[in-house]
Amino acid sequence: MCAPLPRSLRCGRTIAKCEGVGMEPARQGLLLDRVVLVTGAGSGVGHGIAAALASRGWKVAVNDVDADLAHEVAAEVDGVAVAGDAYTDAATIVERCVEVCGRLDGLVNNAGKLRGGGLEALRHDEVADVMNLNFEAALKLMQHCLPHLEVTKGAVVNITSLAAGASQAGTGVFGASKAALASITRQAALEWGPRGVRVNAVAPGFVRTARGEATSAGTDIWEQRRAVVPLRRIGTPADVGAVVAFLLSDDAGYVSGQAVVVDGGLAAVPVPGSPPADPE
Ligand SMILES: NC(=O)c1ccc[n+]([C@@H]2O[C@H](COP(=O)([O-])OP(=O)(O)OC[C@H]3O[C@@H](n4cnc5c(N)ncnc54)[C@H](O)[C@@H]3O)[C@@H](O)[C@H]2O)c1
């Protein structure tokens, strides 16, 4: 029988699966798969990551603070919904994931947010709000997952951003939070490598999502962005998902402490004043 869940973790479908927790794990049909927990997977980039991993045979534990979204995506990818706030419920999310799935082979810290604004007027509750999710939730989840990943010789992928290394005015502490996440990615690779756990990051450039689409409605921001990306297209959640899947796979078994930039070449764009890259 499952222990009662905190109200904030509303995961009805998970409880239904959880009723079989007392069964021999293999009979639940879950232990045959490698299991990955993806945070913020109910929409956007995280949804793309969940779909990419599921299509490559992973059993995906779909986390989102929005329980309905978590359940929708879990049903779509034949995974398990583990709803909850990645910051406040980090311990329970990992506990529940392992309880239901029986093991943990991967963690993708994808949940993140951007609160815009110039630095001069930035309030400290806004700083905490962004740092708590983009940095500290990821650290907490890594800590809670480590004992399980050590058993399976698993891997972590943290979703940072091009903004971790390139400043953008008016984006509050988003870049700072991602730089901090990039830093602990390298540090964890150093500290946990001897225990068989790999830790890497994926740094997306522009990725088109439903939420981004909604906030930029009525502007030509996507066309402006497309025009500066060397590959002349905006990234998709599937572009990011494919690289995450590689980093979690055995093909990346000797890759740790790295950040893979997925930006269509944007980071290679020359500084203003350089000769044009395109001779036409
Ligand atoms: N979209 C881009 O262009 C882009 C570029 C660079 C980096 N990123 C990074 O990719 C990640 C995903 O971005 P996105 O654009 O898909 O964002 P999004 O806002 O579209 O989706 C984020 C998802 O996370 C969920 N979420 C929010 N707070 C949560 C919490 N506390 N706990 C659990 N889930 C929570 C939301 O409900 C939502 O489903 C973020 O870390 C973001 O910084 C995105």
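The values are calculated or read from the model by the stated rules, or taken from the named source; none is laboratory data. A quick note: this is a predicted structure, and the numbers were derived from the prediction, not measured. Glycine gets a Cβ as well: all are built from the backbone with ideal geometry, and neighbour counts include every protein chain shown.
A few comments on the model shown:
- Among residues of the stretch 177-224, those that are of a type in the set (Gly, Ala, Ser), without any contact (Cβ under 8 Å) to a residue 40 or more places away in the chain and within 16 Å of the ligand (Cβ to nearest atom), counted: 5
- Test: residue in the stretch 245-252 that is buried (at least 17 other Cβ atoms within 10 Å of the Cβ), within 11 Å of Phe206 (Cα to Cα) and at pLDDT 95 or above: no
To keep it simple, each residue is scored yes or no on (1) out of contact with any strand residue (DSSP E or B) (no Cβ under 6 Å at 6 or more places or on another chain); (2) not basic (Lys, Arg).
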site	(1), (2)
Ala54	no, yes
Ala67	yes, yes
Ala83	yes, yes
Ala86	yes, yes
Val94	yes, yes
Asp105	no, yes
Lys113	yes, no
Gly117	yes, yes
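- On the stretch given as the stretch 109-126, residues that are outside any loop (DSSP other than H, G, I, E, B) and over 24 Å from the mean Cα position of the chain (by Cα) total 1.
- The single condition among (1) among the aliphatic types (A, V, I, L, M); (2) out of contact with any Phe, Trp or Tyr (no Cβ under 8 Å at 6 or more places or on another chain); (3) crowded, with 16+ Cβ neighbours inside 10 Å that Ala137 does not satisfy is (2).
- Any hit, the stretch 102-110, residues being touching an Asp or Glu at 6+ places or on another chain (Cβ under 6 Å) and surrounded by 15 or more Cβ atoms within 10 Å (Cβ to Cβ): no
- Residue satisfying all of: in the stretch 146-168; among the small types (Gly, Ala, Ser) and within 13 Å of Leu114 (Cβ to Cβ); surrounded by the fewest Cβ atoms within 10 Å (Cβ to Cβ) among these: Ala163
- Whenever a residue of the stretch 40-63 is within 18 Å of Val100 (Cα to Cα), its partners that are modelled with pLDDT of 95 or more and among the basic types (Lys, Arg), lying with C-beta atoms within less than 6 angstrom and at least six residues away or across chains, give the pairs Trp58/Arg34.
- Selection status of Arg233, within 10 Å of the ligand (Cβ to nearest atom) and over 18 Å from the mean Cα position of the chain (by Cα): no
- Looking at Ala70, Ala75, Ala52, Ala91, just one residue is within 13 Å of the ligand (Cβ to nearest atom) and either among the β-branched types (Val, Ile, Thr) or modelled with pLDDT of 95 or more (or both), and that residue is Ala70.
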